[in-house]
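The values are calculated or read from the model by the stated rules, or taken from the named source; none is laboratory data. Because the structure is predicted, anything quoted here is derived from the model rather than measured. Glycine gets a Cβ as well: all are built from the backbone with ideal geometry, and neighbour counts include every protein chain shown.
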Amino acid sequence: MPKVSIVLVTYRRKVNLERILKEWLKQTPDVWLCDCGVNFKTELPIKIIKFNPDPGNKARHAAALLTSGDYVIKADDDFLPKPGLINDFIKNWNQNKNGILGLHGRKFKGKSYYKNTQVYVADKINKTTEVDFVGICTFTSRNNLAFDLKGCKSPIEDLFWQMKAFPHIKKWVIPSKNFKKLPESNDKECLFYNLEARKVRENFYQKYYEMSLIK
């Protein structure tokens, strides 16, 4: 089995964090946490990087380069991995090498990220599906991680990575039921619902979507 590293970033979601980390540790020993605000303490054998002030989601990507895994999973902190999730990624990677895999993805169909993209979710599909962007939980090899984070704002970390730094690498949503959404995923104060963050995300998307059409 190849070595897989896990990187999470958390800002204030502390309630289920220990439980989430325990589940990841059942599948791999190399688990990293970017603590950007909760001052998390645990006896679990994980690596913790504390940030103050909060640098946002780009902390997760920077930490991914510190890991030692052959492959790296960048995961949100609002879902629970179930046994077999890493194996699902590896199995699909062997079929679709040199891409970025995810549990959630979008196909771009127009100039608006929120209005003109078609959403795909791992537990709602039965075959690996090529998309233009993946998120929530991503899996890739180390060679698809290194880029300059200058100018990368928290609301666009994943778009910055996939649309600006690696626009030509294929992205896939894999079929899997080995995860569970937690109540935190409906948090109305998270970046997804933040109006200013949505504006930043929409503007970034429009710029690089239009550039992709020119190419």
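Side notes on the structure shown:
- Qualifying residues in the stretch 86-115 (those that are assigned to a helix (DSSP H, G or I) and in contact with a helix residue (DSSP H, G or I) (Cβ under 9 Å, 6 or more places away or on another chain)) - the one farthest from Cys34 (Cα to Cα): Asp88
- In the condition set (1) farther than 20 Å from Lys153 by Cα; (2) in contact with a helix residue (DSSP H, G or I) (Cβ under 8 Å, 6 or more places away or on another chain); (3) among the aromatic types (Phe, Trp, Tyr), Trp24 is compliant with all but (2).
- Look at (1) outside any loop (DSSP other than H, G, I, E, B); (2) farther than 24 Å from Asp148 by Cβ; (3) among the β-branched types (Val, Ile, Thr) and you find that Thr42 fails only one, number (1).
- For the residues Leu21, Leu8, the requirement of being in a helix (DSSP H, G or I), surrounded by 15 or more Cβ atoms within 10 Å (Cβ to Cβ) and within 18 Å of the chain's Cα centre (by Cα) singles out Leu21.
- Odd one out for Asn98, checked against (1) more than 18 Å from the chain's Cα centre (by Cα); (2) at positive phi: (1)
- Residue check for Ser176: outside any strand (DSSP E or B), at pLDDT 95 or above and small (Gly, Ala, Ser): yes
- Of all residues making up the stretch 82-109, the number that are touching a strand residue (DSSP E or B) at 6+ places or on another chain (Cβ under 8 Å), surrounded by fewer than 23 Cβ atoms within 10 Å (Cβ to Cβ) and at pLDDT 90 or above: 11
- Annotation: Leu85 fulfils all but one of (1) closer than 20 Å to Asn57 by Cβ; (2) more than 12 Å from the chain's Cα centre (by Cα); (3) not β-branched (Val, Ile, Thr); the unmet one is (1).
- Contact map, the stretch 91-118: residues that are more than 24 Å from Asn143 (Cα to Cα) and touching a residue at least 60 places away in the same chain (Cβ under 8 Å) paired with residues that are outside any loop (DSSP other than H, G, I, E, B) and among the acidic types (Asp, Glu), Cβ distance under 9 Å, separation 6+ or inter-chain. Pairs shown: Lys111/Glu210; Ser112/Glu202; Tyr113/Glu202; Tyr114/Glu202.
- When Gln118 is tested against (1) assigned to a strand (DSSP E or B); (2) surrounded by 15 or more Cβ atoms within 10 Å (Cβ to Cβ), exactly one condition is not met: (2).
- Of residues in the stretch 34-78 being within 18 Å of Lys153 (Cα to Cα) and free of Cβ contacts under 8 Å to residues at least 24 places away in the same chain, the one surrounded by the most Cβ atoms within 10 Å (Cβ to Cβ): Phe51
- The single condition from (1) under 26 Å from Ser212 (Cα atoms); (2) within 14 Å of the chain's Cα centre (by Cα); (3) assigned to a loop (DSSP other than H, G, I, E, B) that Gly56 fails is (1).
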